[in-house]
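What follows is a single structure, written as structure tokens, with notes after it.
The values are calculated or read from the model by the stated rules, or taken from the named source; none is laboratory data. Predicted, not measured: the structure shown is a model, and the values here were computed from it. We place every Cβ from the backbone using ideal geometry, glycine too, and count neighbours over all the protein chains shown.
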């Protein structure tokens, strides 16, 4: 998510380091509403949710999304997390095989590891704040050996706040190694946003959008060597005909061949990376999407030879055929309500459903879309809705939560369970 500038917060960050809790492992589960053991055939959806009332805790919500169930779309349980006003943001983009799900609360700088081995009894396994001086982790990706790569936006130094970096963590949230994104001549306002891991080329591609929107370096990408986390290149993407397609680099995605990388921007550009393994990597604009004032194109997923991305100007999800990644071709779009601003999407393990969260009129809703991996067709699931409502989606308002409190929930990161 890119957010408009917040000078008050930035000033505070540059004047003094954040006082965040050190890495710690939570030895006991936080209290959650208990539910019956889950049959192996059931499917669940996890919503990483902020409380609209900052005096009430943020929480992980569990929904039953088993398609042939009468409880389709019903709340199962919730798990609150420590602290207040963490502002839940990203989780891992798919449920990891070990079911230890990493999630960040970006404003507080605290991150949480949820143990979801028992899908209806979520447990808080660990939490952490600053690591090796790096603060405000944003994205989490699994490495080939099972560790977690975290992108951290910033780092505290004696000279003040500088560029962030990469931290490799164990699945339990402990630091293995870290590397700075700083380099000679680099703008100190550079912020590490998200990443794509390319084991076949021994590379990592990272983007540089500042979550507070204050960095002029947000047109850049950085290329790292995966094996030792050495920073190799910092490059600036070219603009296209509109003149701003490269602004706010967002999400790298590795395609099914394991070698090709597409990078999206919040300014609705799509770039094909070339020469990643060489000495002169570059990015070429291969597609762009319409812009809507005050919004940004956001999270993409790759399913086979289809690339799906949230586009608020639609508003909805656009599906591209990327069999030829140099020439993407739109094949379908799922359209939401006129005041919805879609942002996050994640795909189910069977690749037939997407979960969508966002802003605007869908600020307190999570929506599911159907996807056909054979044709690329995507459509809103009209069955996934609250009883008696006129719009699809699970509404996180007007409810009393199992953990206590009744403040509206604001879901952001969302992911389906594994079978």
**OP:** Looking only at the range 155-164, decide whether some residue is part of a strand (DSSP E or B), in contact (Cβ under 8 Å) with a residue 24 or more places away in the chain and touching a helix residue (DSSP H, G or I) at 6+ places or on another chain (Cβ under 8 Å).
**Re:** yes
Original post:
Out of (1) surrounded by 15 or more Cβ atoms within 10 Å (Cβ to Cβ); (2) over 15 Å from residue 343 (Cβ atoms), what's the single condition that is false for residue 277?
Top reply: (1)
Original post:
Which of the residues belonging to the range 158-170 are within 22 Å of residue 91 (Cα to Cα) and either surrounded by fewer than 18 Cβ atoms within 10 Å (Cβ to Cβ) or at pLDDT 95 or above (or both)?
Top reply: 165, 166, 167, 168, 169, 170
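Conditions tested, residue by residue: (1) within 20 Å of the chain's Cα centre (by Cα); (2) surrounded by fewer than 22 Cβ atoms within 10 Å (Cβ to Cβ); (3) at pLDDT 95 or above; (4) part of a strand (DSSP E or B).
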| site | (1), (2), (3), (4) |
| --- | --- |
| 28 | no, yes, no, no |
| 39 | no, yes, no, no |
| 83 | no, yes, no, no |
| 89 | yes, no, yes, yes |
| 97 | yes, yes, yes, no |
Original post:
Here is a list of conditions, (1) in contact with a strand residue (DSSP E or B) (Cβ under 8 Å, 6 or more places away or on another chain); (2) closer than 20 Å to residue 45 by Cα; (3) surrounded by fewer than 22 Cβ atoms within 10 Å (Cβ to Cβ), and residue 394 meets all of them except one; can you say which number that is?
Top reply: (3)
**OP:** Give the residues of the range 361-386 that are crowded, with 18+ Cβ neighbours inside 10 Å and part of a strand (DSSP E or B), sorted by residue number.
**Re:** 365, 366, 367, 368, 369, 371, 378, 380, 385
Subject >> Boolean, residue 342 is under 24 Å from the mean Cα position of the chain (by Cα) and surrounded by fewer than 16 Cβ atoms within 10 Å (Cβ to Cβ) >> reply: no
Original post:
Scanning for something assigned to a strand (DSSP E or B), free of Cβ contacts under 8 Å to residues at least 60 places away in the same chain and on the phi > 0 side of the Ramachandran plot, does the range 390-398 turn up at least one residue?
Top reply: yes
